Amino acid sequence: MAEIELNPAVADRFVHLDWQHRDADRAAFDAGLIRHYEAGDIILLGNPPFRIDFDLLNRISFPEGRSHQKLTDRFLTRPKLHRPAIRRLFQEVFGFDILLYARFRREVQRLSDELRRFACLIAPSYRFLKQGVSWRFTRTGPEGLHVDYFRRTEDLHYLRIFINVDRQPRIWTVGPRLQDLIERYADEIGLRELVDRPSNEVCSRLNKLVFDKINAQPRSAMDRHLVRFAPGDVWLCETRLNSHEIFSGHRLVATDFYVDPSSMHDPALRVDARVDDCLRLATADPVRAAG
């Protein structure tokens, strides 16, 4: 299970849930898990229901570099080998060991499908618009604190599930919540002018004008928690609501599931609504306005 070094200056958003407790009341367990997720908590799932072939997956490494950092399950299981660059890449990783690749392909497809079924199981009300699964087989970090934002500008909910499939811990640091960052920096970086704009514009501005400066300084420049996710650990985290950093890690599987926000337990908790509420509150604050 994950080891966490809490920083008292940062809100503790970690919630521990044990999958084995689900049998007592499955509907109540699932509803509680999703309520925590929509609230912006980071859920650490004990005794998760996933089987992982660590020996197989830890034989695989892809070349370093951002171009190979996040690979979809479709890319890994249905590579377009007629393209010379992709053919060379797979030859570099697997050589001519066809059996190794066949085993790897089955494992990636099986675990990816398990994650899709798991999401439908714990969130039966969610209407999934896309269920993307990505894999990491390159060393990552330290990458600096940031909040995620996505290219899509639609007002969507995301369900993000992570599994450390490496033999070594994956280390994250976790900083302030998105709403705390907006409140703290609304005036300093002109966030109030982004009312009614997509949330990704706010997150992008925070990364460029706040975190780029902080990440150039010693790590003590911003308070943060330290988390060591053990091999096999499963956690759920809305990475737009929680500033975070991959400090180190190698092999990981993660979901990028788009959800119709109207199917959430509480659509008012979706990221775009939260950001809009925070910005409107900052704009209406007479103390801020006077400044």
Options Asp97, Asp155; residue that is acidic (Asp, Glu) and either within 30 Å of Ala28 (Cβ to Cβ) or in contact with a helix residue (DSSP H, G or I) (Cβ under 6 Å, 6 or more places away or on another chain) (or both): Asp155
Would you point out the residue of the range 151-200, among those that are under 15 Å from the mean Cα position of the chain (by Cα) and of a type in the set (Ser, Thr, Tyr), that is surrounded by the fewest Cβ atoms within 10 Å (Cβ to Cβ)? Tyr158
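Do any helices (runs of 4 or more DSSP H) lying entirely in the range 119-235 carry at least 2 residues that are of a type in the set (Val, Ile, Thr), and which ones are they?
Where helices (runs of 4 or more DSSP H) fall fully within the range 119-235, none carries at least 2 residues being of a type in the set (Val, Ile, Thr).
If you go through the range 232-249 one residue at a time, do you hit one that is farther than 24 Å from His36 by Cα and not small (Gly, Ala, Ser)? Before the answer, list the steps.
The first filter runs over the range 232-249 and keeps only residues farther than 24 Å from His36 by Cα, leaving 247-249.
Then keep just the ones that are not small (Gly, Ala, Ser); that gives 247.
Yes, that holds for at least one residue.
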Of the conditions (1) part of a loop (DSSP other than H, G, I, E, B); (2) touching a Pro at 6+ places or on another chain (Cβ under 9 Å); (3) surrounded by 17 or more Cβ atoms within 10 Å (Cβ to Cβ), Gly249 fails just one. Which one is it? (1)
Taking the conditions exactly as written (at pLDDT below 95 and touching an Asp or Glu at 6+ places or on another chain (Cβ under 8 Å)), does Gly141 satisfy them or not? yes
Of the residues that sit in the range 1-21 and are in contact with a helix residue (DSSP H, G or I) (Cβ under 8 Å, 6 or more places away or on another chain) and outside any strand (DSSP E or B), which one is nearest to Leu226 (Cα to Cα)? Ala11
List pairs: first residue in the range 165-192 and at positive phi, second residue buried (at least 17 other Cβ atoms within 10 Å of the Cβ) and not in a strand (DSSP E or B) anywhere in the structure, Cβ distance under 8 angstrom, at least six positions apart or on different chains. Gly190/Arg205
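Would you be able to say whether some residue in the range 126-133 is of a type in the set (A, V, I, L, M, F, W, C) and crowded, with 22+ Cβ neighbours inside 10 Å? Full working, then the answer.
We begin by selecting, within the range 126-133, every residue of a type in the set (A, V, I, L, M, F, W, C); these are 128-129, 133.
Then keep just the ones that are crowded, with 22+ Cβ neighbours inside 10 Å; that gives 133.
Looking through the range 126-133, at least one residue is of a type in the set (A, V, I, L, M, F, W, C) and crowded, with 22+ Cβ neighbours inside 10 Å.
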Might you let me know whether the range 88-107 holds any residue that is within 27 Å of Cys237 (Cβ to Cβ) and surrounded by 12 or more Cβ atoms within 10 Å (Cβ to Cβ)? yes
Among (1) modelled with pLDDT under 95; (2) surrounded by fewer than 16 Cβ atoms within 10 Å (Cβ to Cβ); (3) not in a loop (DSSP other than H, G, I, E, B), Ala268 falls short only on (1)
Sort out which residues of the range 220-231 are under 21 Å from Arg13 (Cα atoms) and touching a residue at least 40 places away in the same chain (Cβ under 8 Å), and write them in order of number. Met222, Asp223, Arg224, His225, Leu226, Val227, Arg228, Phe229, Ala230
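The values are calculated or read from the model by the stated rules, or taken from the named source; none is laboratory data. None of the values given here were measured: they were computed from a predicted structure. Counting neighbours? That spans all protein chains shown, and the Cβs are built from the backbone with ideal geometry, glycine included.
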